[in-house]
Structures are given as C-alpha cells and as structure tokens.
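Report on one structure; see the data block that follows.
The values are calculated or read from the model by the stated rules, or taken from the named source; none is laboratory data. No experiment lies behind these values; they were computed from the predicted model shown. So basically every Cβ, Gly included, is an ideal-geometry build from the backbone, and we count neighbours across all protein chains shown.
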Amino acid sequence: MNDLHRFDLICFDWDGTLFDSTAIIARCIQEAVVDVGGARPSAQDAAFVIGLSLGPALARVAPDIPREKYVALGARYREHYLAHQNDISLFAGVLPLIRELRQKGCHLAVATGKSRRGLDEVLTSRALSGLFDGSRTADETAGKPNPRMLLELMREFGAPPERTLMIGDTSHDLEMARNAGCASVGVSYGAHRSEDLDALGALFVARSVPDLRAWLEARV
C-alpha cells in the first residue's frame, strides 16, 4: 500500500498530546504524595506515570504510601488538579490540526487515561464538543497499555489495525498501540523522552504540533 492516505482512524491521547498539562499534572502528583505523608517524587518520575489510570499511576509513583491511603492520595490529587485546571490550555495549533483532519474525512477519536467525567468536562469547557467522532477513557475500558480502548474504537468505526494510527506523548500510548496491532506516532513535547518513544517503534516522533501537522498532511 502507498504510504499516502493510509490512515482512516486517528486516535489521540489527551494530556501532553493535545492538552498542555504535563507540568501541572506532574506538580499535582508531587503535592498529593507529600500531602499523605510520602516522599516527594521527582518531576521526571511524576511525569512518567502520566497516561496511566489514576490509581496505578499514583501507586507506582509513591511506593512508600500504604494501600489504605490510596483513596486519600487520589482525592488529594484531584483537589490539586481542579485548583489548576483552568490554567491549562490546548497546545497552539491543535484546533487547526483537528479541523483540517476532519475536513479530510478521517475519523478522529480520543483514547485517554482520564476518567469519562474528566474528559467530558474538558471537551465541553474547551468548545471541542463535536470535533471528535468517538472516545474511550480508562475507567470505562482498561488503563494503558491494555489495548482495549483502541480495539473498541477500531470496531466502532470499522477501521482495521493497519489503517489506524495512535498519537501520544508517552511510552504507555505507544505500547498500547503496539498491543492493538496498529501504528503509532509519538510527540516529544509532552511527558516522555524522544528516545523512549523511538524504542517502541513510533513511525515518527514530532517535536511540536506544527511538526506533527506536517507529517500528517502527507498521510491523511
């Protein structure tokens, strides 16, 4: 198959890929861990778990927190995040990119570690409702790198793995794509390093939204 016009379904991660939230999420994780008595994780460790479901992410980044405090840890994270959510915005260039892809006729979806409630709130608040054809969240399917989100979206839109592309900023996103049998593109302006994304077989690693847009223009 010619490499041009090869993708019918494009699935995006949310935080760190479309939404400029990596630094704030990492800081909220750090503060939540300290609030419940744990050792403050490094910014790098806090950023690494972004994209995972909230429970596993917090447990992984705070191994010294006993299991009975996980509920409190999650609650403190949500409180910190809600206090800063209005400080977060889409990366510059995301809206024009999404609109261009829609005009070209491909299906667009979101596959995120956020909760359904959290995703719905941000889609509404950012006037993005209607720009995506579908979405899946960790709490209604399974957390990354389990491929269930992508498998469900592929079934919903009748897209085979070879014509499906997952775009994300973490190794969890790309590992999920590999587990689902579809292609992936990484973005290095989010949570994980370019070399981590390359190691998981990304077709391309974009350094910016314009970089991603230029790559997609030739393949959608």
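Here are the numbers:
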item	result
Yes/no for ARG78 being part of a loop (DSSP other than H, G, I, E, B) and among the charged types (D, E, K, R)	no
Long-range neighbours under 8 Å by Cβ, at least six apart or interchain, first residue surrounded by fewer than 13 Cβ atoms within 10 Å (Cβ to Cβ) within segment 59-86, second at pLDDT below 85 and not charged (D, E, K, R)	ARG67/ALA59
Hits in segment 55-72 (condition: modelled with pLDDT of 85 or more and more than 17 Å from SER42 (Cβ to Cβ))	PRO66, ARG67, GLU68, LYS69, TYR70, VAL71, ALA72
Evaluation of ALA111 against (1) touching a Pro at 6+ places or on another chain (Cβ under 7 Å); (2) in a strand (DSSP E or B); (3) of a type outside the set (S, T, N, Q) (one fails), failing number	(1)
Filter result for ARG136 (assigned to a loop (DSSP other than H, G, I, E, B) and modelled with pLDDT of 90 or more)	no
Single residue of segment 8-51 satisfying the filter (in a loop (DSSP other than H, G, I, E, B) and among the polar types (S, T, N, Q)) that is modelled with the lowest pLDDT	SER21
Condition broken by HIS80, with the remaining ones in (1) closer than 28 Å to GLU175 by Cβ; (2) at pLDDT below 90; (3) in the same structural domain as THR164 (by TED's automatic domain parsing) satisfied	(3)
Residue identified as modelled with pLDDT under 90 and either charged (D, E, K, R) or surrounded by 15 or more Cβ atoms within 10 Å (Cβ to Cβ) (or both) among LEU128, LEU95	LEU128
Test for LEU119: is it more than 17 Å from the chain's Cα centre (by Cα), in contact (Cβ under 8 Å) with a residue 24 or more places away in the chain and either over 18 Å from LEU9 (Cβ atoms) or not in a loop (DSSP other than H, G, I, E, B) (or both)	no
Residue match in segment 157-176 (condition: touching a helix residue (DSSP H, G or I) at 6+ places or on another chain (Cβ under 6 Å) and without any contact (Cβ under 8 Å) to a residue 24 or more places away in the chain)	no
Qualifying helices (runs of 4 or more DSSP H) (wholly inside segment 141-218; at least 1 residues being crowded, with 22+ Cβ neighbours inside 10 Å and not aliphatic (A, V, I, L, M))	171-180
Any hit, segment 30-40, residues being within 20 Å of GLY168 (Cα to Cα), assigned by TED's automatic domain parsing to the domain that holds GLU68, in contact (Cβ under 8 Å) with a residue 24 or more places away in the chain and not aliphatic (A, V, I, L, M)	no
